[in-house]
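Notes follow once the structure below has been shown.
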Amino acid sequence: MYKIVEKRILNPEVKLMRVEAPLVAAKAKPGQFVIIRVDEKAERIPLTIAETIRDKGLVTIIFQEVGVSTKKLGALDEGDCILDFSGPLGKPSELDGLKKVCVIGGGLGCAIAWPQAKYLFDSGASVDIIAGFRNRDLVILEEEMRKCSDRLHIMTDDGSYGEKGLVTHKLSELLESGEAYDDVIAIGPLVMMKFVSQITRPYGIKTIVSMNPIMIDGTGMCGGCRLTVGGEVMFACIDGPDFDGHLVDFDEAIRRSAMYREDEKKAIAAHECRLGGGAMNA
């Protein structure tokens, strides 16, 4: 059992938890993830490691309550325990040796962008962060990102905070102004990562994207995170989650990510019905 020692609500949709998992904390690197199971009846879900505090044996996870399992996780409080917390899994991000990087996070993707930016900044790299949100109320990790960047650009769709526009608008502006990056790292919705990759292609800038959003099982057994990279079939959980954005077939990944949307809606409805006493023996 893995004890939750801290819980924070970052915005109405997103929560942060720090969990006692000393063995995971000792080995985890940016870009890797854990597989958790809330209880014996819960499904396994992959969550990217947002932060490790090695001397205290703590691992930070940040998640959005979307399906039944993340809603179960979100209902836990400080002092409660998670049944399974396995990791670190996946290949670490290749960040060493980079001198100037633009890290882009879209919404919840900022929870993954933050540790990567922090690692780069602490290693002496020049880091620009572009963080995009729908509106001011959904902004997360602003101070954390500001501390590990030379410049932080916050974008909101409605202009309620920072600059109005999309992260792709700011990226285009920076590149057109002459900014030259060794790498661009993009983490967020598939559509966002697709268009970031399209923008950087003419400049010949290596662009790394995290395919964490399509992962399910986390071990390669289910095949749910299968994707095509450079014409070759790969699995996000064991071959990634980081890939060259210029080689990923995003259209295929976007179509496949929508396959279970209706099933997820039905599962949430059934879960809420049980919580409300609409079903017995749940």
TODO: Say whether the condition of being under 17 Å from the mean Cα position of the chain (by Cα) and in a loop (DSSP other than H, G, I, E, B) is met by at least one residue in the stretch 69-90.
DONE: yes
Task: Unique match (being surrounded by 22 or more Cβ atoms within 10 Å (Cβ to Cβ) and among the hydroxyl-bearing types (Ser, Thr, Tyr)) among Ser149, Ser126 - done: Ser149
Task: Elements of type strands (runs of 3 or more DSSP E) in the stretch 100-204, at least 1 residues being touching a Ser or Thr at 6+ places or on another chain (Cβ under 7 Å) - done: 100-106, 126-133, 183-187
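Kindly establish whether Asp128 is touching a residue at least 12 places away in the same chain (Cβ under 8 Å) and out of contact with any His (no Cβ under 8 Å at 6 or more places or on another chain).
Numbers: touching a residue at least 12 places away in the same chain (Cβ under 8 Å): yes; out of contact with any His (no Cβ under 8 Å at 6 or more places or on another chain): no.
No, not satisfied.
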Task: Qualifying residue in the stretch 4-26 (condition: in contact with a helix residue (DSSP H, G or I) (Cβ under 6 Å, 6 or more places away or on another chain), modelled with pLDDT of 95 or more and β-branched (Val, Ile, Thr)) - done: no
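Does Gly31 qualify as being assigned to a loop (DSSP other than H, G, I, E, B) and free of Cβ contacts under 8 Å to residues at least 24 places away in the same chain?
Answer is no for this residue.
Provide a single number: the residues in the stretch 67-90 that are surrounded by 14 or more Cβ atoms within 10 Å (Cβ to Cβ) and either more than 15 Å from Lys7 (Cβ to Cβ) or among the hydrophobic types (A, V, I, L, M, F, W, C) (or both). Step through it out loud before you land on a result.
Taking the stretch 67-90 and keeping what is surrounded by 14 or more Cβ atoms within 10 Å (Cβ to Cβ), we get 67-74, 76, 80-82, 84-90.
From what is left, the residues that are either more than 15 Å from Lys7 (Cβ to Cβ) or among the hydrophobic types (A, V, I, L, M, F, W, C) (or both) are 67-69, 73, 76, 81-82, 84-90.
Total meeting the criteria: 14.
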Task: Counted residues, the stretch 138-180 - those being more than 20 Å from the chain's Cα centre (by Cα), within 20 Å of Val209 (Cβ to Cβ) and free of Cβ contacts under 8 Å to residues at least 60 places away in the same chain - done: 4
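Table: residues versus (1) under 25 Å from Ala131 (Cα atoms); (2) at pLDDT below 85; (3) among the charged types (D, E, K, R).
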site: Pro202; (1), (2), (3): yes, no, no
site: Gly218; (1), (2), (3): no, yes, no
site: Cys222; (1), (2), (3): no, yes, no
site: Arg226; (1), (2), (3): no, yes, yes
site: Val248; (1), (2), (3): yes, no, no
site: Asp251; (1), (2), (3): yes, no, yes
site: Arg274; (1), (2), (3): no, yes, yes
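The values are calculated or read from the model by the stated rules, or taken from the named source; none is laboratory data. For clarity, every value in this text was computed on a predicted model and none was experimentally measured. As a convention, Cβ positions derive from the backbone with ideal geometry for all residues, glycine included, and neighbour counts pool all protein chains shown.
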